[in-house]
Amino acid sequence: MKIISVINQKGGVGKTTTAVNLGAGLTKLQQKVLLIDLDPQANLTYSLGVLAHELDNTIYDLLRGDVTFDETVVTKNNLDIIPANLDLSAAEVEFAGLPGREFLLQEVLDSVNSYDYILIDCAPSLGLLTLNALTVSREIYIPVQTEFLPMQGMAKLLQTVDVVKKRLNQNLEITGIICTQYDKRKNLHREVVKRITDHFGDKVFSTFIRDNVSLAEAPSFGLSIFDYKASSYGARDYLNLSKQVLKRGRENG
Ligand code: ADP
Ligand code: MG
């Protein structure tokens, strides 16, 4: 079972889009996938059309220990989802004083073992919720929007990962950088890809996610890109990325 956090403390870089569509792509490749929405904005939850009555129990209740995993999980088109809602915004403050506060998600997932992949969609912050994700993950994927020079913002993220490795989870590794909203006609985009590759080498997936309007439209229909428009560039890119993820996973055991 591979547990992967999708993180970047910058918003709008494609974390949620990647968690949803990489998750959906992996299910198309016969993998059993769990998506965890760990962002109080709950974009992942709404992107997949989770209905109001399916939100009785959320990740917030689960982290509090008020409900069980099975009482929280929702299934949509073969994807299992632990949904979130705005209640989760209370968590950072509410859990701040708890001993072992970084291990709440790990406790929840301790008894879960029926998945090939668990993808955690993180909030655009490096707060307690994201620390919980990093504590339980083996791998980190960082989506990077090629529209912006990313390196300054990245320093803080890399620092946080180092601290988590030292204090909370020595098995943690950044294993994937995903270039998103890529437009090869733009010099800046090519320049950004070059800089990212100079820094991260072969951690950068060679599949770039192109800028594709269908990817932006799909969430309002509550569908992954494969169920919304299977013929789009977005679907092709995320399927290729999913294949690469699976291949890397097999190579690395
Ligand atoms: P984050 O979770 O990092 O905040 P999102 O995945 O929500 O970022 O993406 C931010 C916005 O950009 C959303 O409106 C999303 O639909 C859109 N978007 C993401 N990836 C693409 C893409 N490859 N092409 C076009 N729009 C995209
Ligand atoms: Mg998001």
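The values are calculated or read from the model by the stated rules, or taken from the named source; none is laboratory data. Keep in mind it's a predicted model, so treat the numbers as computed, not measured. For neighbour counting, all protein chains shown are included, and Cβ atoms are generated from backbone atoms with ideal geometry for every residue, glycine included.
The conditions of being hydrophobic (A, V, I, L, M, F, W, C) and in contact with a Phe, Trp or Tyr (Cβ under 9 Å, 6 or more places away or on another chain) are not met by Leu38. Within the stretch 221-253, the set of residues being part of a loop (DSSP other than H, G, I, E, B), under 18 Å from Asp202 (Cα atoms) and in contact with a strand residue (DSSP E or B) (Cβ under 9 Å, 6 or more places away or on another chain) comprises just one member, Asn252. Look at Asn187 and say whether it is more than 16 Å from ligand 1 (Cβ to nearest atom) and surrounded by fewer than 15 Cβ atoms within 10 Å (Cβ to Cβ). Considered against the rule, which asks whether it is more than 16 Å from ligand 1 (Cβ to nearest atom) and surrounded by fewer than 15 Cβ atoms within 10 Å (Cβ to Cβ), Asn187 comes out as yes.
Beta carbons closer than 7 Å, at least 6 apart along the sequence or on distinct chains, never pair a first residue in the stretch 121-136 that is of a type in the set (D, E, K, R) with a second that is more than 14 Å from ligand 1 (Cβ to nearest atom). Among helices (runs of 4 or more DSSP H) entirely within the stretch 5-67, having at least 1 residues that are touching a strand residue (DSSP E or B) at 6+ places or on another chain (Cβ under 9 Å), within 21 Å of Leu128 (Cβ to Cβ) and within 14 Å of ligand 1 (Cβ to nearest atom) singles out 15-28, 43-47. Within the stretch 202-237, the set of residues being near ligand 1 (Cβ under 8 Å from one of its atoms) and buried (at least 16 other Cβ atoms within 10 Å of the Cβ) comprises Ile209, Arg210, Asp211, Asn212, Leu215, Ala218, Pro219, Gly234, Asp237. Counting only residues that are charged (D, E, K, R), over 30 Å from Asn78 (Cβ atoms) and not in a loop (DSSP other than H, G, I, E, B), the stretch 185-220 holds 6 of them. Among the residues of the stretch 23-54, those identified as more than 13 Å from ligand 2 (Cβ to nearest atom), of a type outside the set (Lys, Arg) and either modelled with pLDDT of 95 or more or touching a His at 6+ places or on another chain (Cβ under 7 Å) (or both) are Gly23, Ala24, Gly25, Leu26, Thr27, Leu29, Gln30, Gln31, Val33, Leu34, Gly49, Val50.
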